[in-house]
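Only one structure is covered here, and it is reproduced in the block below.
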């Protein structure tokens, strides 16, 4: 499932029933367009694909304000299962748009699953960071040895490690306060 489909399916799940335009407005309100390639056309395409796969179903068609019909959608049981798997996969992803979508939808999965995904992500990030620290740096060497590039990627993974550690602590604190 791509990022757009995950976000559209999640937005429908959060609202229980909604129209495509409301999904679009909601995603724009969340500022999703600043970190994912979300356009009105991609949202409507995602709705079509999700309906084809039977992850959502049309509840009823209503007359639109400007002539066309509006379709009210709801998530199906199959869609709920796929959504939860998609969120889990997104939360483990190293792709920023996928990971961001997972964070946006994190409240749709149990805390223990969320923590499990973040511990796995942390393990993966640490492995990559350790590898990055072994890369040679050489001024005037090959592009792969460019110190600025190696330092950039090493720093990128250091930040991600810090972020996930803080995120895990925040979720653990949420669990303490809810329990």
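The values are calculated or read from the model by the stated rules, or taken from the named source; none is laboratory data. All of these numbers come straight from a predicted model, not from anything done at the bench. All Cβ positions, even for glycine, are placed from backbone atoms using ideal geometry, and neighbour counts span all protein chains on display.
Can you give me the number of residues within segment 72-96 that are buried (at least 18 other Cβ atoms within 10 Å of the Cβ) and at pLDDT below 90? Going through segment 72-96 one residue at a time, the tally reaches 1.
Within segment 24-38, restricting attention to residues that are in contact with a helix residue (DSSP H, G or I) (Cβ under 8 Å, 6 or more places away or on another chain) and without any contact (Cβ under 8 Å) to a residue 40 or more places away in the chain, the residue that is surrounded by the fewest Cβ atoms within 10 Å (Cβ to Cβ) is 33. Taking the condition outside any helix (DSSP H, G or I) and either in contact (Cβ under 8 Å) with a residue 60 or more places away in the chain or closer than 23 Å to residue 17 by Cβ (or both), does residue 101 pass? Judged against the criteria, residue 101 is not a match.
Among the listed residues 113, 150, identify the single one that is in a helix (DSSP H, G or I) and either at pLDDT 95 or above or closer than 24 Å to residue 10 by Cβ (or both).
Within the list 113, 150, the selection yields 113.
Of all residues in segment 107-134, none that is in contact (Cβ under 8 Å) with a residue 60 or more places away in the chain and in the same structural domain as residue 174 (by TED's automatic domain parsing) has its Cβ atom under 7 Å from the Cβ atom of a residue that is outside any helix (DSSP H, G or I) and surrounded by fewer than 16 Cβ atoms within 10 Å (Cβ to Cβ), 6 or more apart or on another chain.
Evaluated against (1) surrounded by 14 or more Cβ atoms within 10 Å (Cβ to Cβ); (2) touching a strand residue (DSSP E or B) at 6+ places or on another chain (Cβ under 6 Å), residue 58 falls short on exactly one condition, (1).
The single condition among (1) buried (at least 19 other Cβ atoms within 10 Å of the Cβ); (2) in a helix (DSSP H, G or I) that residue 49 does not meet is (1). Would you be able to tell me the number of residues in segment 164-179 that are crowded, with 16+ Cβ neighbours inside 10 Å and within 10 Å of residue 125 (Cβ to Cβ)? Result for segment 164-179: 1. Among residues of segment 4-19 being closer than 22 Å to residue 81 by Cβ, in contact (Cβ under 8 Å) with a residue 12 or more places away in the chain and over 14 Å from the mean Cα position of the chain (by Cα), the one that is surrounded by the fewest Cβ atoms within 10 Å (Cβ to Cβ) is 16. Within segment 125-135, not a single residue is surrounded by fewer than 20 Cβ atoms within 10 Å (Cβ to Cβ) and within 15 Å of residue 13 (Cβ to Cβ).
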